[in-house]
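The values are calculated or read from the model by the stated rules, or taken from the named source; none is laboratory data. Keep in mind the model is a prediction, meaning the values are calculated, not measured. Here Cβ is always computed from backbone atoms with ideal geometry, including for glycine, and neighbour counts include all displayed protein chains.
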Amino acid sequence: MASALIASRDLELRAARWRKFQVVFTLTCIAIALDLSTTYLGFQREGARFEQNGIALFLIQRIGWVGITAILLVACTACFKSFKTVYWKLSLRWSLWLNVLLIAACAFRWLVVVTDTLWLMR
């Protein structure tokens, strides 16, 4: 009986963390899309000097905006599927730390979007 109760609590905790992940992941993907949009607008206005990230600049110049969008879509899909496996199969400690890391990444992406937007509005 005790093991069934523990298993039930474990599943509830996994489900709660998974729901939180889905919300934060969605917000992160929206921020990534907005960051891509603000970068595109900045690029149109200022040219290559707008982009400070050398890897992003290299990709923009080599594969273009459509290529970057496709890469981001594939990467987000792969992350979602991988994280789902982690949340439901691995230790609960993994899901806790992944949520913490994702929240930090989400906050950073939104900070980038806000600062880029403010810069574009100047």
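Checking Ser95 against (1) within 30 Å of Arg122 (Cβ to Cβ); (2) touching a residue at least 60 places away in the same chain (Cβ under 8 Å), which test does it fail?
Here Ser95 meets the rest and fails (1).
Please enumerate the residues belonging to the range 54-100 that are touching a helix residue (DSSP H, G or I) at 6+ places or on another chain (Cβ under 7 Å) and aromatic (Phe, Trp, Tyr).
Hits for the range 54-100 are Trp65, Phe80, Phe83, Tyr87, Trp88, Trp94.
Would you pick out the residues in the range 57-85 that are of a type in the set (A, V, I, L, M) and more than 16 Å from the chain's Cα centre (by Cα)? I'd like the intermediate steps shown before the answer.
Taking the range 57-85 first, the residues of a type in the set (A, V, I, L, M) are 57, 59-60, 63, 66, 68, 70-75, 78.
Answer for the range 57-85, where residues must be of a type in the set (A, V, I, L, M) and more than 16 Å from the chain's Cα centre (by Cα): Leu57, Leu59, Ile60, Ile63, Val66.
Specify which of the listed residues (Leu120, Leu72) is part of a helix (DSSP H, G or I), under 18 Å from Thr39 (Cβ atoms), touching a residue at least 40 places away in the same chain (Cβ under 8 Å) and touching a Lys or Arg at 6+ places or on another chain (Cβ under 8 Å).
Answer to the selection: Leu120.
A quick yes/no check of all residues on (1) of a type in the set (Lys, Arg); (2) in contact (Cβ under 8 Å) with a residue 12 or more places away in the chain; (3) over 16 Å from Tyr87 (Cα atoms):
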| position | (1), (2), (3) |
| --- | --- |
| Ser3 | no, no, yes |
| Asp10 | no, yes, no |
| Arg14 | yes, yes, no |
| Thr28 | no, yes, yes |
| Tyr40 | no, yes, yes |
| Gly47 | no, no, yes |
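What is the residue count in the range 32-75 for residues that are in contact with a Ser or Thr (Cβ under 7 Å, 6 or more places away or on another chain) and of a type in the set (Val, Ile, Thr)?
Number of matching residues: 1.
Here's the yes/no breakdown for (1) modelled with pLDDT of 90 or more; (2) touching a Leu at 6+ places or on another chain (Cβ under 7 Å); (3) surrounded by 15 or more Cβ atoms within 10 Å (Cβ to Cβ):
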| site | (1), (2), (3) |
| --- | --- |
| Ile63 | no, no, no |
| Thr77 | yes, no, no |
| Tyr87 | no, no, yes |
| Leu98 | yes, no, yes |
| Ile103 | yes, no, yes |
| Ala107 | yes, no, no |
| Arg122 | no, no, no |
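Can you name the number of the only condition in (1) under 20 Å from Cys106 (Cα atoms); (2) modelled with pLDDT of 80 or more; (3) out of contact with any Phe, Trp or Tyr (no Cβ under 7 Å at 6 or more places or on another chain) that Arg17 fails?
In the conditions (1) under 20 Å from Cys106 (Cα atoms); (2) modelled with pLDDT of 80 or more; (3) out of contact with any Phe, Trp or Tyr (no Cβ under 7 Å at 6 or more places or on another chain), Arg17 misses (3) alone.
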